[in-house]
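Worksheet for the structure shown next.
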């Protein structure tokens with residue numbers, strides 16, 4: 001995928017809770033956070049990747065923990081449950097689609113026809129119309145997405161999609177998800193338009209939720225349900241607000257970045 005500079009990364013961060021993931025695993029600066037009293041509180045550490053002398057990568061997710069697909073399957077309730085999924089960077093690799101609108105230069109003088117700045121682009125219904133009708137054709141499924149949906153479909157679980165996308169022409173996304181994965185889902189896709197997913201999780205009576213972003217895990221924990229982290233693809237668009245996998249003590253599916 002395309003390597004972006006820091007300025008571009010900052011733009012993407014503003015655009016989307018939609019697209020927050022795990023491409024860059026470097027912990028953010030500042031392991032401690034000052035408080036008003038004289039005491040200091042140690043902030044949760046982020047998952048990180050270290051290059052060993054053997055050339056292999058050693059990845060840590062403390063204070064969270066790695067979980068394999070086999071362990072995940074064994075941990076699920078015996079009876080069918082309602083399970084929620086984020087879409088972008090959890091089930092699919094969406095960077096080509098978002099790249100096409102966030103950094104479009106087809107306007108006069110190389111300008112972005114969708115808006116003068118990132119906020120304008122995200123607020124422009126035309127941008128979402130084109131994402132859902134045109135640019136999503138370049139989105140590809142992640143293998144972990146196929147595996148997770150197949151697992152829960154086989155169990156008879158009710159599958160729900162909750163995305164932070166804006167729901168302009170959302171029926172197109174629903175049709176694409178059905179065609180891409182061949183899995184039926186309960187109710188229409190919920191579009192939260194960059195806002196919290198917690199109430200949507202409660203409304204759908206979810207037992208657990210899979211997501212790639214910090215906010216996905218926060219929303220799940222706020223709803224009182226199990227939040228499971230899926231890693232963002234290593235070649236996805238980089239972001240200014242880098243996700244901190246394992247930060248909330250959540251389970252992180254191993255090798256889920258592909």
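Considering only alpha-carbon pairs that sit under 8 angstrom and 6 or more positions apart, the relative contact order computed for segment 131-229 is 23 percent. Remark: 174, 218 ranked as 174, 218, counting other beta-carbon atoms within 10 Å and listing the fewest first. Placing dummy labels 7 Å off each Cα toward the beta-carbon, the span from residue 129 to residue 116 is 2.2 nm. Taking a ≥ b ≥ c as the square roots of the eigenvalues of the Cα gyration tensor, an a/c ratio below 1.5 marks segment 118-258 as rounded. Rounded, prolate or oblate for segment 110-180? Axes are the square roots of the Cα gyration tensor eigenvalues, ordered a ≥ b ≥ c, and the cut-off for rounded is a/c under 1.5. Because a/c hits 1.5 or more and a/b exceeds b/c, segment 110-180 counts as prolate. For the pair residue 172 and residue 155 in one chain, pulling the backbone fully straight at 0.36 nm per residue adds 3.4 nm over the alpha carbon distance. By the beta-carbon count within 10 Å of each Cβ, the least crowded to most crowded order of 183, 122, fewest first, is 183, 122. Using Cα pairs under 8 angstrom and six or more residues apart, how large is the relative contact order of segment 67-163, in percent? RCO, segment 67-163: 45 percent. In terms of its C-alpha gyration tensor, segment 148-229 comes out oblate, because a/c is 1.5 or above while a/b does not outweigh b/c.
Bear in mind that the values in this text are calculations on the coordinates, not laboratory data. Note that the structure is predicted; figures quoted are calculated from it, not measured. Here the Cβ is made from the backbone with ideal geometry for all residues, glycine too, and neighbour counts use every protein chain on show.
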